[in-house]
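Okay, structure first, notes after.
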Amino acid sequence: MFESAELDHDISKAAFRVQEARLRAALLNAQYDLKQNGRFAVLILIAGVEGAGKGETVNRLNEWMDPRHIEVRAFTAPSDEEAERPHMWRFWRALPPKGKIGIFFGGWHTQPIVERVLGRISAAQFERRVSEIQRLEEMLCDEGVLLLKFWFHLSKKQQRKRLKALAKDPQTSWRVTDFDWKLLKLYDDFAAVCEPFIRETSTGEAPWIPVPGADPQYRYLAVGKTLLAALRERLDEKPVKRLPDRNPPLLPAIDSLNVLRALELDQPTTREQYRNEFKKLQARLNLLSRHPRFRDISVVTVFEGNDAAGKGGAIRRVTRSLDARHYQTVPVAAPTEEERVQPYLWRFWRRLPRRGIVAIYDRSWYGRVLVERVEGYCSEADWMRAYAEINEFEQELAGHDVVVVKFWLAISKAEQYRRFKEREKVAFKHFKITPEDWRNRRRWDDYERAVCDMVDRTSTASAPWTLVEANNKYHARIKVLRTLCEAIEAALKRAKKKRKKDRTKGR
């Protein structure tokens, strides 16, 4: 795949100066058009062979354009904070907003490649990481991000020559480390891993672009002209108001039976039974959060449900059972201006908890397949692909020892009406009822259908939905606490087995 990149490309200094002047002006104009346009973000991944001029090329791009609107991030070994989250967490946090250019050194591709070459992960683990990368890049492209992936290449002979030249010059010798010489010795091993990796992750929407690294002038022009062409193509195209609907319809059950209508919403739990059971579960949850192995996991709880179904009351019973230092609540409302210029899941990735913390989401990422779907705030294509993106997100959480517990609190239409009227009468409950609640109630059937599709498509083995019969608040609160305790207990058992397995490997 690198035959052309290993040729001795050469651009004379005179020819370079002529082309550079025109390219610089055109890139700067395109950058300001991007800032003014604000329809999409640009993300540039910089990867490839050490010594191939990656840093020099990025410096030249910063020189040609306005660096105030270019966000350069270099990713080395994960910090303690980063290691406590899923692999992709630190990359999500660094994504550029619409209207700006982001440049990643050592992006999501680097660590799995290095770990595979050094034998720290198996072939199966490497393939799983490759699949994660493929799905992330597909999602970014679907969200409108212009993703450009440059692979700077040198042959083994060219790399050795380049490193020797840098090491010999007193002004550049600091750039060559012992690790660089080690990587040179492993050149063939890296080639054996990188070639299939590039082939698997090079797609129509985000292909890898090989950059010959031997001649500085050539690589500067190659990268600059590619960036300019991609920017101008995207900037000059006319925006499409709405994509045509090409998704097959999701039809309700023929006999009108669904997962919500099958629930027995009125569950018999008395006040006395609730008090006795709550005390036991409160103590149980508190002890679990103080367990030594709890520091090896984190918990993400999602509370969704009908308006007035008792989500707030259930959340308060959970927080009442925990030390305030062991949980964080995340209320989710309409996205802010900062959040609208990022991919949909960005605002949820950035709030993921560290180890030993319970994150409680009051509403969540399911807004895309619920309120945004029903109210038409996003296209059908957006909410249809959201099912797979959410499943992938939750799978990544579960794979990093995050316990995902999802509750849908369900009440009947008659019970909701009773609670709405009660809120209008009771002074300290007035704030809980708004005109929007009554408006949403008129879309009851539409929301019911969206919820049933959501459960069918996102209740997985690693992150199942728990449907809570909530006409009786006592029953609902007990079921929430018991389910949460059971999920954490199961996770602590898995953590124990994992520690034992790790100790066995270390012997």
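In the stretch 151-190, which residues are within 25 Å of F126 (Cβ to Cβ), in a helix (DSSP H, G or I) and touching a residue at least 12 places away in the same chain (Cβ under 8 Å)?
Listed by number, the residues that qualify are K156, Q159, D180, W181, L183, L184, Y187, D188, D189, F190.
Being in contact (Cβ under 8 Å) with a residue 24 or more places away in the chain and over 19 Å from Y361 (Cα atoms) is the filter; apply it to the stretch 453-472 and report the residue that is surrounded by the fewest Cβ atoms within 10 Å (Cβ to Cβ).
D456
Among the residues of the stretch 132-161 satisfying the criterion of being out of contact with any strand residue (DSSP E or B) (no Cβ under 6 Å at 6 or more places or on another chain) and of a type in the set (A, V, I, L, M), which is farthest from I101 (Cα to Cα)?
Going through the qualifying residues, I end up with L154.
Any chance the stretch 415-434 includes a residue that's open to solvent by less than 40 Å² (accessible area, probe 1.4 Å) and under 31 Å from the mean Cα position of the chain (by Cα)?
No: zero hits.
Please count how many residues of the stretch 37-65 are out of contact with any His (no Cβ under 8 Å at 6 or more places or on another chain) and at pLDDT below 95.
Taking the stretch 37-65 and keeping what is out of contact with any His (no Cβ under 8 Å at 6 or more places or on another chain), we get 37-44, 46, 50-51, 53-65.
Checking which are at pLDDT below 95 leaves us with 37-39, 50-51, 53-56.
Here the count works out to 9.
Return only the number of the condition from (1) closer than 21 Å to Q282 by Cβ; (2) in contact with a strand residue (DSSP E or B) (Cβ under 9 Å, 6 or more places away or on another chain); (3) open to solvent by less than 40 Å² (accessible area, probe 1.4 Å) that I478 does not satisfy.
All conditions are met except number (2).
Would you check if there is a residue in the stretch 101-112 being over 30 Å from D401 (Cβ atoms) and not in a loop (DSSP other than H, G, I, E, B)? Explain how you work it out, then say what you get.
Applying the first criterion (over 30 Å from D401 (Cβ atoms)) to the stretch 101-112 yields 101, 103.
With the extra rule that they be not in a loop (DSSP other than H, G, I, E, B), the set shrinks to 101, 103.
Yes, some residue in the stretch 101-112 is over 30 Å from D401 (Cβ atoms) and not in a loop (DSSP other than H, G, I, E, B).
Based on this model, can you work out whether D323 counts as out of contact with any His (no Cβ under 6 Å at 6 or more places or on another chain), on the phi < 0 side of the Ramachandran plot and crowded, with 18+ Cβ neighbours inside 10 Å?
Numbers: out of contact with any His (no Cβ under 6 Å at 6 or more places or on another chain): yes; on the phi < 0 side of the Ramachandran plot: yes; crowded, with 18+ Cβ neighbours inside 10 Å: no.
For D323, the condition - out of contact with any His (no Cβ under 6 Å at 6 or more places or on another chain), on the phi < 0 side of the Ramachandran plot and crowded, with 18+ Cβ neighbours inside 10 Å - is not met.
Please go through the stretch 454-466 and give me each residue that is of a type in the set (D, E, K, R) and within 16 Å of L263 (Cα to Cα), ordered by number. Even if it seems obvious, please write down each step before you answer.
In the first step, residues of the stretch 454-466 are kept if they are of a type in the set (D, E, K, R); the result is 456-457.
Passing the criteria: only D456.
Name the single residue that is most open to solvent (accessible area, probe 1.4 Å) among those in the stretch 51-60 being of a type outside the set (G, A, S) and farther than 19 Å from H9 by Cβ. Let's see the steps before the verdict.
Within the stretch 51-60, the first condition is being of a type outside the set (G, A, S), and the residues that meet it are 54, 56-60.
Applying the additional criterion that residues be farther than 19 Å from H9 by Cβ yields 58-59.
Values: V58: 5, N59: 103 Å².
Per the stated criteria, the residue is N59.
Kindly check whether there is at least one residue in the stretch 79-96 that is open to solvent by less than 50 Å² (accessible area, probe 1.4 Å) and within 26 Å of F2 (Cα to Cα).
no
Being open to solvent by less than 30 Å² (accessible area, probe 1.4 Å) and more than 17 Å from A94 (Cβ to Cβ) is the filter here, so list the residues in the stretch 61-78 that pass it.
Of everything in the stretch 61-78, those that are open to solvent by less than 30 Å² (accessible area, probe 1.4 Å) and more than 17 Å from A94 (Cβ to Cβ) turn out to be L61, W64, M65, D66.
So which of L265, L235 is in contact (Cβ under 8 Å) with a residue 60 or more places away in the chain and part of a loop (DSSP other than H, G, I, E, B)? Outline the logic, then answer.
Details: L235 fails: part of a loop (DSSP other than H, G, I, E, B).
Testing whether each residue is in contact (Cβ under 8 Å) with a residue 60 or more places away in the chain and part of a loop (DSSP other than H, G, I, E, B) leaves just L265.
Starting from residues that are touching a residue at least 60 places away in the same chain (Cβ under 8 Å) and either assigned to a helix (DSSP H, G or I) or over 18 Å from the mean Cα position of the chain (by Cα) (or both), keep the ones in the stretch 341-354 and report whichever is farthest from F294 (Cα to Cα). First the steps, then the outcome.
Step one: filter the stretch 341-354 for residues touching a residue at least 60 places away in the same chain (Cβ under 8 Å), giving 341-346, 349-350, 352, 354.
The next check asks that each one be either assigned to a helix (DSSP H, G or I) or over 18 Å from the mean Cα position of the chain (by Cα) (or both); those that pass are 346, 349.
Details: W346: 26, W349: 21 Å.
The selected residue is W346.
Tally up the residues in the stretch 268-292 that are closer than 17 Å to T319 by Cα, of a type in the set (K, R) and either open to solvent by 90 Å² or more (accessible area, probe 1.4 Å) or in a loop (DSSP other than H, G, I, E, B) (or both), please.
Looking only at that region, the number is 4.
For the stretch 7-53, which positions are among the β-branched types (V, I, T) and not in a helix (DSSP H, G or I)?
I11, V42, I44, I46, V49
Given the conditions (1) at positive phi; (2) of a type outside the set (D, E); (3) in contact (Cβ under 8 Å) with a residue 12 or more places away in the chain, and given that G119 satisfies all but one, which numbered condition is not satisfied?
The number of the failed condition is (3).
Within the stretch 438-452, can you find the residues that are open to solvent by 20 Å² or more (accessible area, probe 1.4 Å) and in a helix (DSSP H, G or I)? Before you say what the answer is, go through the steps one by one.
As a first pass, look at the stretch 438-452 and keep what is open to solvent by 20 Å² or more (accessible area, probe 1.4 Å): 438-449.
Within the stretch 438-452, W438, R439, N440, R441, W444, D445, D446, Y447, E448, R449 meet the criteria.
Every residue, every condition in (1) farther than 28 Å from D80 by Cα; (2) out of contact with any Asp or Glu (no Cβ under 9 Å at 6 or more places or on another chain); (3) of a type outside the set (G, A, S), yes or no:
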{"site": "C378", "(1), (2), (3)": "yes, no, yes"}
{"site": "Y387", "(1), (2), (3)": "yes, no, yes"}
{"site": "E392", "(1), (2), (3)": "no, no, yes"}
{"site": "D401", "(1), (2), (3)": "no, no, yes"}
{"site": "F407", "(1), (2), (3)": "yes, no, yes"}
{"site": "A414", "(1), (2), (3)": "yes, yes, no"}
{"site": "K421", "(1), (2), (3)": "yes, yes, yes"}
{"site": "V426", "(1), (2), (3)": "yes, yes, yes"}
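How many residues does the stretch 72-116 contain that are closer than 13 Å to A47 by Cβ and free of Cβ contacts under 8 Å to residues at least 12 places away in the same chain?
Count: 1.
The values are calculated or read from the model by the stated rules, or taken from the named source; none is laboratory data. Since we're looking at a predicted model, the values are computed, not measured. All Cβ positions, glycine included, derive from the backbone under ideal geometry; neighbour counts span all protein chains shown. Areas reflect the complete protein model, heavy atoms only, side chains present, ligands, DNA and RNA absent. Shrake-Rupley method; radii C 1.70, N 1.55, O 1.52, S 1.80 Å.
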